[in-house]
Amino acid sequence: MIGAMVAAIILTLTTGLAYIPRNLRVFIQMFVGMKIGSNISKKDVLDLRNLLIPTAILIVSMVLLDLVFGTLMATIGGLDLTTALFSCSPGGMADMAIIADEMGANAVYIVVLQLSRILFIYIALPPVFRRRLKKDQENQLAEALLDGIVSDETEKEAGAKVTLTLRQKTIRFIATMAAGISFGFLFWQLGVKAGALLGSMIGVAVLNMATGFTFFPKQLNLPMRFVSGSYIGQQMDMGSLIMMTSLGVPILIMWLGVLAFTFVVPLIITKFSRLDLATSMLSSVPGGTQEMSLLAEDLGADVPKVALLQTVRQVSVLVIFPTMVSVISILLT
């Protein structure tokens, strides 16, 4: 995604020839929603009954910390409030940028700030975790994360794909597409914020929970990132490029927000629930579900609970944040 974005920026700045239809954003959102929805199973939802308190603390903390650090970014960092709130949101980089663009935020700034969050998490935090939680553990997983060895595919996806034939995959993908596009189009037409993504995710999740008859091929991940990066990059002009030199303060605020997610929220979770500190910390870090799950295994945390809470975090951001930011924007105008 970053490579495609940089290439589109260079093409725009040097020739002005970069162009991707704006309505393509709707289809990008639908495919992102399909991917997320295909990972939500009935078991995931049922397992949440045993994690109600940590889940509630995690969701409330996400909202409060986003409001606090987003406001700081807007007042001290010089960003508009919508861009600041989406930049601080603990969601996926591509997801937040595409949704925020629909709401008039600066998608390029959001990608840069979200990228700074990801790099900070994978570079700075694994050593801290090792010292804090398991001092004698080797750093093999942290090195794998930094070297890019860890894939984006979850264990659940991998296990499901191994048992499916090509014909089964094709039929399930068609069913996934039908559910995702129909619900995504419905929510989009109803005017729901990020409706294409949210509707697609809900439609596919419902199908998966009811029948398990879904499939989203990992081969589509790369084209989705190419298109998303190109779409965002072609919006960059010389004025935006010059303004990006002022992002130092927002990046520092972003890192402070990550530290709050990593060290403050887990203390609250452990105080009011039975989760251990390692599991609470790795469930709260706004990183990828797969990456945090593998790190949890390395550090002796409860891997299924980390994976489940990370999934809840990702889905909650997509469900709550677009509407929340929209309401805030309306109230302040």
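Every read-out reported here was derived from the displayed coordinates using simple, explicitly stated rules and does not represent laboratory data. Keep in mind that what you see is a predicted model, and the values were worked out from it rather than measured. Cβ: placed from backbone, ideal geometry, glycine included. Neighbour counts: every protein chain shown.
Structure notes:
- Charge dipole (the chain, unit charges on Cβ, about Cα centre) - positive-most of G300, N39, A94: N39
- Considering helices alone, the calculated mean residue ellipticity of the chain at 222 nm is -24000 deg cm²/dmol, with DSSP H runs of length four and up weighted by -39500 (n - 2.57) and normalised per residue.
- Electrostatic dipole magnitude of the chain [Cβ: Lys, Arg +1; Asp, Glu -1; Cα centre; debye, to 20]: 640
- Mean separation of Cα contacts under 8 Å (6+ apart) over length of the chain, as relative contact order %: 33
- For the chain, complete DSSP H runs whose alpha carbons reach 24 Å or more along their own long axis and whose mean Kyte-Doolittle score is 0.0 or higher are 52-75, 107-133, 166-189, 303-332.
- Unsatisfied cross-links (Cα-Cα over 19 Å) in the set K43/K271; K35/K169; K218/K305; K43/K305: K43/K271; K218/K305
- Leading residue at positive end of dipole, the chain (Cβ point charges), from S228, T71, A7: S228
- Shape summary: the chain maps onto an equivalent ellipsoid whose semi-axes, from the alpha-carbon gyration tensor, are 28, 26, 20 Å in decreasing order.
- Cα gyration tensor shape for region 177-333, rounded if a/c is under 1.5, else prolate or oblate: oblate
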